[in-house]
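Take a look at the structure below.
We did not get these values from a lab; they are worked out from the coordinates using the rules stated. What you are looking at is a predicted structure, and each value in this text was computed from that prediction instead of being measured. Neighbour counts are summed over all protein chains in view; Cβ atoms, including those assigned to glycine, are modelled from backbone coordinates with ideal geometry.
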Amino acid sequence: MKRFNWFLLAILFVLIPALQSCDDNDGYSVGDIGVGWATVRVLSGNAYYLDSDRYGTLWLSGNDVYWYKPVDGERVFVRFNPLWDNYEGYNLAVKLEGLRPILTKQVEELTSENEAEYGNDPVDIIQQNIWVSNGYLNVIYEQNIPLYKKHRVSLVRNTTVEPVEDGYVHLEYRYNTYDDVSDHWGQGVVSFNLNSLDMEGKKGIKLKLNSAVNGEVEIVLDIKGRSEVEDEVNFGGGNYLE
């Protein structure tokens, strides 16, 4: 697969095995652990469940993450102990062991009036770290960390160009450093909600971005209901995007 940037030679993921149990009738043990990407679905107040990309819907029968205030539609990375299959309409009942919120944004409209706000600075991303799962476009990035102001990353429809009728939804990944960089590098992740897009009859998404290595490129992304990604992202200790 073609790489956009040779800078990311370090491994971004730590492989995590899929859920296992000794026998389907035995249930799960305390040592069984699942990890993955999920979307928060708020029921009411602070009550919520998780819509996992890999495992389906997760009901929280136990929760060690007391500090988290759920935001409906927010993307998170979770670690959990599975308890039971097919629990009252949910795919799994789980005990939540850990949770990491992910910057979650909507698709925005780029116009001639607001184009400068989105910028178009080069991005450090390799192609396999951009994918669609469970209605979200996910991006793992390498970032020159700012000194003072969070950088801005956006997924936009560019209304300043003529629309292309080729069966794809055309989007652009825009990055604005505000000319504030530190020469210290970190990794992070962002997810974009694709639910506002009309994907009826579309083949997928064509995504244009300004690669730090290859200049302006366009990649094709398939639309999938769920991802088979099992890996744990290295968040690099902080999120320096807005």
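Tell me, how many Å apart are the Cα centres for the range 147-199 and for the range 58-72?
Between the Cα centres of the range 147-199 and the range 58-72 lies a distance of 29 Å.
With contacts defined as alpha carbon pairs under 8 Å and 6 or more residues apart, what's the relative contact order of the range 26-102 in percent?
Reported as a whole number, the value is 35 percent.
Going by how many other beta carbons lie within 10 Å of each one, how would you line up THR177, THR160, fewest first?
The order, fewest Cβ neighbours first, is THR160, THR177.
Assuming 0.36 nm per residue, please report the length gained on full extension of the stretch ASN214 to LEU147 beyond their Cα-Cα distance.
So the chain would gain 21.5 nm between ASN214 and LEU147.
Give the calculated FRET efficiency between HIS184 and GLU88 to the nearest 0.05, with a Förster radius of 51 Å applied to their Cβ-Cβ distance.
So, using R0 = 51 Å, E works out to roughly 0.60.
How far apart, in nm, are the 7 Å Cα→Cβ label points at TRP67 and GLU97?
1.9
Which of the residue pairs LYS105/LYS150; LYS105/LYS206; LYS69/LYS206; LYS150/LYS206; LYS150/LYS203; LYS149/LYS206 have a Cα-Cα distance greater than 24 Å in the structure shown?
Among LYS105/LYS150; LYS105/LYS206; LYS69/LYS206; LYS150/LYS206; LYS150/LYS203; LYS149/LYS206, the Cα-Cα distance tops 24 Å for LYS69/LYS206; LYS150/LYS206; LYS150/LYS203; LYS149/LYS206.
Could you work out the relative contact order of the range 44-182, using alpha carbon pairs under 8 angstrom and six or more residues apart, expressed as a whole percent?
Over the range 44-182, the number comes to 20 percent.
From the phi angles alone, apply the Karplus equation (6.51, -1.76, 1.60; θ = phi - 60°) to the range 34-50 and give each ³J(HN,Hα) in whole Hz, x where the residue is Gly or Pro.
x, 9, x, 8, 8, 10, 7, 10, 7, 8, 6, x, 9, 7, 8, 10, 10
Once phi is turned into θ = phi - 60°, what whole-Hz ³J(HN,Hα) does the Karplus curve with 6.51, -1.76 and 1.60 give for every residue of the range 139-155, x standing for Gly and Pro?
9, 9, 10, 10, 10, 7, 4, x, 8, 10, 10, 4, 6, 10, 10, 9, 10
Looking only at the range 133-172, which residues have a backbone nitrogen under 19 Å from a spot 7 Å from the Cα of THR57 in the C-beta direction?
It comes to 134-136, nothing else.
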